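Encoded as structure tokens, the structure appears first; notes follow it.
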There are 2 protein chains.
Amino acid sequence: MKRLAVLASGRGSNLQALVAAQAEGILGDCAIALVVSNRRTALALDRARAAGLPTAIARLGDFPTRSEWDVALDAILAAHRVDLIACAGFEMILGPRVLAGYPLRIVNVHPSLLPSFGGGLTAQSDALSHGVKITGCTVHFVTAEVDAGPIILQRGVPVFDDDDVATISDRILREEHRALPEAIRLLADDRLVVDGRRVRVLPALDRTRSL
Amino acid sequence: MKRLAVLASGRGSNLQALVAAQAEGILGDCAIALVVSNRRTALALDRARAAGLPTAIARLGDFPTRSEWDVALDAILAAHRVDLIACAGFEMILGPRVLAGYPLRIVNVHPSLLPSFGGGLTAQSDALSHGVKITGCTVHFVTAEVDAGPIILQRGVPVFDDDDVATISDRILREEHRALPEAIRLLADDRLVVDGRRVRVLPALDRTRSL
């Protein structure tokens, strides 16, 4: 059973989706072992405590340099014997220490169909003002280049003429809540094969066959 | 009844979709009045002749400069009293004379979900090698900036693990064949309102109401 850390900065609705997926037994061969936030007041921390999950805080402002923040976050993850990491509405860019420690073991959910509208925190409003008719969310491996790691899965949503940032963000978020647990399940079950930039999904092991 | 010119460089399958849509009466308030190619041997020209449509050829190589090609193409369109233009697999970038003559009257169909994979002729293979899980097609107004005009509509398709350029291109093309006639119908029926980069669709006029 692999140990999953969830990194969150905000409301924690994606954390909640992961908690629910675990409760329903559809998170694969892993369990949430830790929730880390860079914000002391993140609602995600309240949700974690309510779910009985260990929490930790790693605020950039508490460290002299970004590098020391990176090392501290790495130490927190190591102390909790973390195997996999889900960035679930995490506004920080991870540092080289954490990235090197978890190669192809960190995933992020981004509120657009990458590569469109990557590289920022305003993907939903950028999509809206660009006038696209389809947007969505992307779960991808986290690499040193922001929002550019190999894509695990994407889910599309329509943009309607009367959408504003709130309505389109909500519609995308509902898909994030399905996509992130599904991607974590595939990762935890060792079903993802990375071939260049393409990520292929292996068939599910039939665990009943050998019984 | 508006007069539509179709510009095509290749097989002309999108032209065929427009011909079929017109025959079925679902192309709105317009009729194909002309097919222009920049290639003398384009299969699109054969399809046009088979459908009894006037054809014209405007080859860049027949003119001393790109500017003179632009003026010649504009003259051809004027001679056929063209109101609307559909770029349907047209590999040339239109010049300033044609662009100025048909503001918000020229549409292009591009085989990706723009702004992803714009600006080139390899959108399908670019999407595949980038590893996206959703791609599709975009019908947009043509402006001076390539593949960047306001988006009229988009249709998405899934990318499967065993796709190659041929299979994904075919899947996208099937959506192009639905999207381009639909966009032309909306344009011909004056139902598109451009607001910044967003294109909104007006409700269909109930043509029976006043009878």
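The values are calculated or read from the model by the stated rules, or taken from the named source; none is laboratory data. What you are looking at is a predicted structure, and each value in this text was computed from that prediction instead of being measured. Glycine also receives a Cβ, built like all others from the backbone with ideal geometry; neighbour counts cover every protein chain displayed. Just so you know, the surface numbers come from the protein's heavy atoms only, side chains and all, with ligands and any DNA or RNA stripped out. Shrake-Rupley method; radii C 1.70, N 1.55, O 1.52, S 1.80 Å.
Things to note:
- For the stretch B:170-181, the tally of residues that are buried (at least 18 other Cβ atoms within 10 Å of the Cβ) and touching a residue at least 24 places away in the same chain (Cβ under 8 Å) stands at 8.
- Selection within the stretch A:11-28 - more than 28 Å from A:PHE63 (Cα to Cα) and surrounded by 14 or more Cβ atoms within 10 Å (Cβ to Cβ): A:GLN16, A:ALA17, A:LEU18, A:VAL19, A:ALA20, A:ALA21, A:GLN22, A:LEU27, A:GLY28
- Counting the residues of the stretch B:119-147 that are assigned to a loop (DSSP other than H, G, I, E, B) and either open to solvent by less than 40 Å² (accessible area, probe 1.4 Å) or hydrophobic (A, V, I, L, M, F, W, C) (or both) gives 9.
- One residue stands out among those in the stretch A:169-211 that are touching a helix residue (DSSP H, G or I) at 6+ places or on another chain (Cβ under 9 Å) and among the basic types (Lys, Arg): the one that is modelled with the lowest pLDDT, which is A:ARG197.
- Positions within the stretch B:148-162 being among the hydrophobic types (A, V, I, L, M, F, W, C), within 14 Å of B:GLY136 (Cβ to Cβ) and either in contact (Cβ under 8 Å) with a residue 24 or more places away in the chain or facing chain A (nearest Cβ under 7 Å) (or both), in sequence order: B:ILE151, B:ILE152, B:LEU153, B:VAL159
- For the stretch A:148-174, a residue qualifies if it is assigned to a helix (DSSP H, G or I) and not hydroxyl-bearing (Ser, Thr, Tyr), and the qualifying residues are A:VAL165, A:ALA166, A:ILE168, A:ASP170, A:ARG171, A:ILE172, A:LEU173, A:ARG174.
- Condition met for B:GLY61 (in contact with a helix residue (DSSP H, G or I) (Cβ under 7 Å, 6 or more places away or on another chain), among the small types (Gly, Ala, Ser) and more than 19 Å from B:LEU173 (Cα to Cα)): no
- For the stretch A:61-93, the set of residues classified as open to solvent by less than 20 Å² (accessible area, probe 1.4 Å) and either in contact (Cβ under 8 Å) with a residue 60 or more places away in the chain or within 15 Å of the chain's Cα centre (by Cα) (or both) consists of A:LEU77, A:VAL82, A:LEU84, A:ILE85, A:ALA86, A:CYS87, A:ALA88, listed by residue number.
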